[in-house]
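Structure first, commentary second.
The values are calculated or read from the model by the stated rules, or taken from the named source; none is laboratory data. Predicted, not measured: the structure shown is a model, and the values here were computed from it. We place every Cβ from the backbone using ideal geometry, glycine too, and count neighbours over all the protein chains shown. We work out accessible area using only protein heavy atoms, side chains counted, and drop any ligands, DNA or RNA first. Shrake-Rupley method; radii C 1.70, N 1.55, O 1.52, S 1.80 Å.
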Amino acid sequence: MMSNTRENGEVPGTAAVAQVIQVPSYWEQAKIELMKRDRIMKKLIPQFGDLHLVGHSDPFTTLARSLVGQQITPKAADMAWKKLLLVCPKCTPSQVLKAGAEQLSGCGLSKRKTEYLLDLADHFKAKRVHANQWGEMDDEAVIAELVQIRGIGRWTAEMFLIFNLLRPNVLPLDDPGLIQGISVNYFSGEPVSRSDAREVSANWEPWRTVATWYLWRSLDPAAAAGASDGKPRA
């Protein structure tokens, strides 16, 4: 669907990636409210039954997996990730730094991704990011910290808010899947601007994350049948 995808960066297919979190506490309430106020959501949400967003609890692993998966296919991302776990079985900042550039490159990572991964590990090891405080910080404050790390832009930070911190009201306007989902479901496939997307999403607050997830699902329903996270595959 896109080169820098959610499935590449945020939801690996291996159990070694991170501990799975149970269904977000707000999910059922959000479904009810979205179906009451939005005619498209009223039609869309029941199609996916009890499927829901699944988060991952370890911040460093989630971000590392995101960097490894950037701009490559899911298959290539999974292969590189499995190789990385052979070098760094626990995928901790210390293990990544100890492995160094040469071993990381041997996992099939580009020079740039290797540098990104080492920079991420260094930020965590040196406590230049406040991962233990992110749960109490607002969305924009977390994004501001994350984008200081090489290789992490706003889109990756927003995916982190959704899939690690389980924030309920994230609207990732840089995500092609969201824009396509709005186009297909609300505009009969016509092109959609960011302004259009904001206008549609105003009806979803404070549950824009949940609405976004269902729009992702609508683009690839088959993926939902085979994955508890229900996110589209490329």
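Listed by first and then second residue, the pairs with beta-carbon distance under 6 Å, at least 6 apart or on different chains, first residue in segment 26-37 and without any contact (Cβ under 8 Å) to a residue 12 or more places away in the chain, second of a type outside the set (Lys, Arg), are Met35/Met41; Met35/Ile45.
Taking the listed residues Leu97, Leu86, Leu104, Leu109, the one that is at pLDDT 90 or above, aliphatic (A, V, I, L, M), under 23 Å from Phe160 (Cβ atoms) and surrounded by fewer than 19 Cβ atoms within 10 Å (Cβ to Cβ) is Leu97, with no other qualifying. Candidates in segment 130-155 are the residues that are within 17 Å of the chain's Cα centre (by Cα) and farther than 19 Å from Arg65 by Cβ; of these, the one that is modelled with the lowest pLDDT is Gly135. Screening Ala157 against (1) open to solvent by less than 50 Å² (accessible area, probe 1.4 Å); (2) more than 26 Å from Tyr214 (Cα to Cα) leaves a single unmet condition, (2).
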